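Colleague: My questions all concern the structure below.
The values are calculated or read from the model by the stated rules, or taken from the named source; none is laboratory data. Keep in mind that what you see is a predicted model, and the values were worked out from it rather than measured. Quick reminder, even Gly has a Cβ in these numbers, built from the backbone with ideal geometry, and neighbours come from all protein chains shown. The area values use the complete protein model at the heavy-atom level, side chains included, leaving out ligands, DNA and RNA. Shrake-Rupley method; radii C 1.70, N 1.55, O 1.52, S 1.80 Å.
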Amino acid sequence: MKKRIVLLVLICALAGCEKMQKKETAEQIFQKYVSYWQQSNFDAMYDLLSPGSKEKITKESFGQKYEAIYSGIEAKQLKVEKLPASPPADASKTAGDKAQFRYQAEMATMAGPVEFAHQMSLVKDNNSVWGVDWNPSLIFPPMKDGDKVTAQTLKAPRGSIVDRSGSGLAINGTVTMVGLVPGELGAQAEQTKEQVAGMLKMTVDDINKELGASWVKPGYFVPVGPADSKMLQTLQGVPGVSFQEKGVRVYPLGEAAAHLTGYVRTINAEELAKLKDQGYGPDDKIGKAGLEQIFEARLKGKDGAVVAITDAKGNVKETLARREPQPGETIRVTIDSDLQRDIYVQFKGDAGAAAAIHLVSGDVLALVSSPSYDPNAFVQGLSAEKWNEWNSDPLKPLFNRFTKLYAPGSVFKTITAAAGLDAKVSSPDKVRRIDGLHWTKDASWGSYYVTRDRDVPSETMRDALVNSDNIFFAQEALDMGGKKFYDGVLPFGFGEKLPIPYPFQVATIANDGIKSDIQLADSAYGQGEVQMSVLHVALSYTPFANKGDLIAPVLLAEQRKEQAAPWKAGIVRPETAELIKQYLIQAVSDPKGYGHGAYIPGLAIAGKTGTAELKQKKGEDGQENGWFVEFNAGRPDLLVAIMVEDVKRRGGSSYVVAKMKPIFKKYAGSGGPSQTKSP
């Protein structure tokens, strides 16, 4: 019995020894290492290194090195395959205590795919256990001790926004920036900050905020604002003050087109969280308003990248992958820069808006909001003082007036006239007998009445437009009745978005239907609840120059056609359109016409003035906004609608007419901007 037990123990011992002696082969270690490598299990990879390799690099450093390199180059989808050795029958070369395996590695990186073939050496330790003889070339073959893998984003140039002739509205340029180097400011640091802040109209706190940014180090140049020639002369040589050229977005028209172009600013944390997957980084610029924001996706472009190996001195030894940046698109619009600037200048700081279009092509030639701001300040460095100044200004320069809705006042009367004539409620020779400057329908109106400026006993439609008679059109609308009036003016685009890639508020006739005769009467001359943007007002006059077609506005040059495409065809009968056009010409040519201030000898200028009262009840002393719509009827080219706020004590609508006369003297009759500068 004892012999049998001893024999069993001996057999078990021998079996254990045989198991202990069975070690993994070099190829098994190679395959395990490759498997861990593909899983990014760097700790397990390290455990398979030879003792000699472990003496050269710690486990922590090994893992950090791989992690830093792979995360830095955004490595993904790593795939490693063993390659056949020579001869093909044997994929490895093993001789005594050394073995070599050839392999192919490939991965995706931020700069594109990286592929390489290399070989891995394995050695036996004193216990005959195979381990990987590691060195930096196993990461990438050209690497040696002291080398680094660098990853750099190649920024895509932002696309430009240009006008119809190719002149820049928003372009990439450079500006000289003044900055501070914190480590070089020395003992006079506070005095230097105060001097720089004073010249930039900033506070020292503003400068300290820039210097306190997380990325700033003692030797870094920290830009604080754009430098003018005086600063360049005064601050040269001051310790800690330096100047650098910086690429910035430039807006050549400045204030004249600020609301149209908008501006760019550095992306904020909230935006970055939403757009990170679309290629945005923490230092990227993004459109914040206007065309810059509307066409952001097309303007941005696609960044490139380069992954390279550099030596200890930073010299590039080898480029592993490179993807060239794709510049953003150039957005060409139908705007005419000269006309845009000239109209803006005519406002002379007054609050208001204007829209200019071409009657044949439908091109939008100008969109102006006044007063305005300088969009260059946002990208060059906006001081808190300037920001507070803009925000506290009662004229609200940051407010975009050309997209907003206003009561159109008497410029709406052409629409009422067209609806009445087409509905056969009125006719060219129909005469209305009106007594006095005030009129009320009957006792049901109580103390409410409609007023006019001229006391004439009888008027035709022609007279009413030339004299801009509120009472005539109030009676016209009441004769039509609410439904006919509403149905007659609705085709002019009310309740619909303007077919243009710029967000405008939607025009309204009534908020919830026309509820009373008083509202109907007020609506007839553009008061009540009638609301329109300045561009919509301009478009509403196009049927009178296009045989009844309401043309579609065109802002993108790529969508432009030589002949205007109708937004709504035939909304006015051709004979009605021609009749009203002649009335509008007479409103300017007749010395008694309200638009006579726009008269230019030799040109068939058509126009309509208007004022809109902003008050809660009759008898109040409310603000008046002045309107004027003008076009060249003799040679259809330029049409401009303009609105100026608060004209009551400045001449009313005649104040607005005077602003447009220089524009039409310069542009109308020669074919207009659209003919001399075609996209």
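Colleague: With r defined as the distance between the Cβ atoms of A569 and K386 and R0 fixed at 51 Å, what FRET efficiency is calculated, to the nearest 0.05?
Modeller: Once rounded, the FRET efficiency stands at 0.60.
Colleague: Moving on to the next point. Run down the lysines and flag those whose C-alpha is under 17 Å from the C-alpha of K497, throwing out any fewer than 8 positions away in its chain.
Modeller: K404, K568
Colleague: A108 versus S447, label points 7 Å from Cα toward the beta carbon: distance in nm?
Modeller: A separation of 7.6 nm, rounded to one decimal place.
Colleague: If I stretch the segment between E496 and E245 completely, what's the gain in nm (0.36 nm per residue apart, minus their alpha carbon distance), one decimal? Provide the component values of the computation, followed by the final result.
Modeller: Numbers: separation 251, 0.36 × 251 = 90.36 nm, distance 4.74 nm.
Gain on extension, E496 to E245, equals 85.6 nm.
Colleague: Classify the stretch 105-148 from the C-alpha gyration tensor, please: rounded if a/c falls under 1.5, else prolate or oblate depending on whether a/b exceeds b/c.
Modeller: Since a/c reaches 1.5 and a/b is larger than b/c, the shape of the stretch 105-148 is classed as prolate.
Colleague: A follow-up question, please. Treat each spin label as a single point 7 Å out from the Cα along the C-beta direction, and report the Q195 to Q293 distance in nm.
Modeller: Going by the 7 Å Cα→Cβ label model, 4.1 nm.
Colleague: N126 to E329: extension gain in nm, 0.36 nm per residue of separation minus the Cα-Cα distance?
Modeller: Value of the extension gain: 66.6 nm.
Colleague: Taking the Cα centre of the chain as the origin, how large is its charge dipole in debye, to the nearest 20, when only Lys and Arg (+1) and Asp and Glu (-1) carry charge on their Cβ atoms?
Modeller: Approximately 1480 debye in magnitude.
Colleague: I would also like to ask the following. With just the Cα atoms defining each centre, how far is the stretch 488-558 from the stretch 199-263? Give it in Å.
Modeller: The stretch 488-558 and the stretch 199-263 have Cα centres spaced 45 Å from each other.
Colleague: Angle check, please: helix 337-347 long axis (alpha carbons) against the longest principal axis of the chain (alpha carbons), in degrees 0 to 90, nearest 10.
Modeller: 60 degrees
Colleague: Okay, helix-only estimate at 222 nm for the chain: each DSSP H run of n ≥ 4 adds -39500 (n - 2.57), divide by all residues, round to 500 deg cm²/dmol; what do you get?
Modeller: -9000 deg cm²/dmol
Colleague: Hey, can you rank 133-139, 383-389, 494-500 by average C-beta count inside 10 Å, highest first?
Modeller: Per-residue Cβ counts within 10 Å, averaged per peptide and sorted highest first, yield 133-139, 494-500, 383-389.
Colleague: R0 = 60 Å: FRET efficiency of K317 with K561, Cβ-based, nearest 0.05?
Modeller: With R0 = 60 Å, the Cβ-Cβ based efficiency is 0.60.
Colleague: Once the dipole of the stretch 105-205 is set up with Lys and Arg at +1 and Asp and Glu at -1 on Cβ about the Cα centre, which of N127, S137, M177 lies farthest towards its positive end?
Modeller: Working it through, the farthest residue towards the positive pole turns out to be M177.
Colleague: For the stretch 53-191, give the magnitude of the charge dipole about the Cα centre (Cβ charges: +1 Lys/Arg, -1 Asp/Glu; no others), in debye to the nearest 20. Walk me through the numbers before you get to the answer.
Modeller: Working: 16 positive and 16 negative charges, 73 e Å.
Dipole about the Cα centre, nearest 20: 360 debye.
Colleague: Taking a cut-off of 16 Å between Cα atoms, list the lysines near K56, but don't count ones fewer than 8 places away on the same chain.
Modeller: Correct list for K56: K65, K144.
Colleague: Another one. Once neighbouring chains are kept in place and the probe is 1.4 Å, which whole percent of the accessible area of the stretch 205-331 is contributed by carbon and sulfur?
Modeller: Carbon and sulfur together cover 48 percent of it.
Colleague: Distance in nm between label sites at V506 and H118, each 7 Å beyond Cα in the beta-carbon direction?
Modeller: Modelled inter-label distance: 6.2 nm.
Colleague: Let me ask something additional. How large is ³J(HN,Hα) for each residue in the stretch 234-249, as worked out from phi by the Karplus curve 6.51 cos²θ - 1.76 cosθ + 1.60 (θ = phi - 60°), to whole Hz, x for Gly and Pro?
Modeller: So the Karplus estimates, Gly and Pro as x, are 6, 9, 4, x, 6, x, x, 9, 9, 10, 9, 7, 10, x, 9, 7 Hz.
Colleague: Any idea which of A552, L83, P157 is furthest toward the positive side of the dipole for the chain, if Lys and Arg beta-carbons carry +1 and Asp and Glu beta-carbons -1?
Modeller: L83
Colleague: So for the stretch 484-547, taking the charge dipole from beta-carbon charges (+1 Lys/Arg, -1 Asp/Glu), which of G528, F494, I518 sits furthest toward the positive end?
Modeller: F494
Colleague: Using a 1.4 angstrom probe, figure out how much accessible area the chain has per residue, in square angstrom, rounded to the nearest whole.
Modeller: Values: 31830 Å² over 679 residues.
Accessible area per residue: 47 Å².
Colleague: Give me the percent of the accessible area of the stretch 447-589 that comes from carbon and sulfur atoms, probe 1.4 Å, all protein chains in place. Working shown, then result.
Modeller: Details: 2600 of 5380 Å².
It is 48 percent, rounded to a whole number.
Colleague: Suppose every K and R has +1 on its Cβ and every D and E has -1 on its Cβ; what is the size of the dipole of the stretch 169-241 about the Cα centre, in Debye to the nearest 20?
Modeller: I would put it at about 120 debye.
Colleague: Then there is this: When volume of the Cα convex hull per residue in Å³ is calculated directly from the model, which label among (1) 287; (2) 161; (3) 195 fits?
Modeller: Evaluating volume of the Cα convex hull per residue in Å³ on these atoms matches (1).
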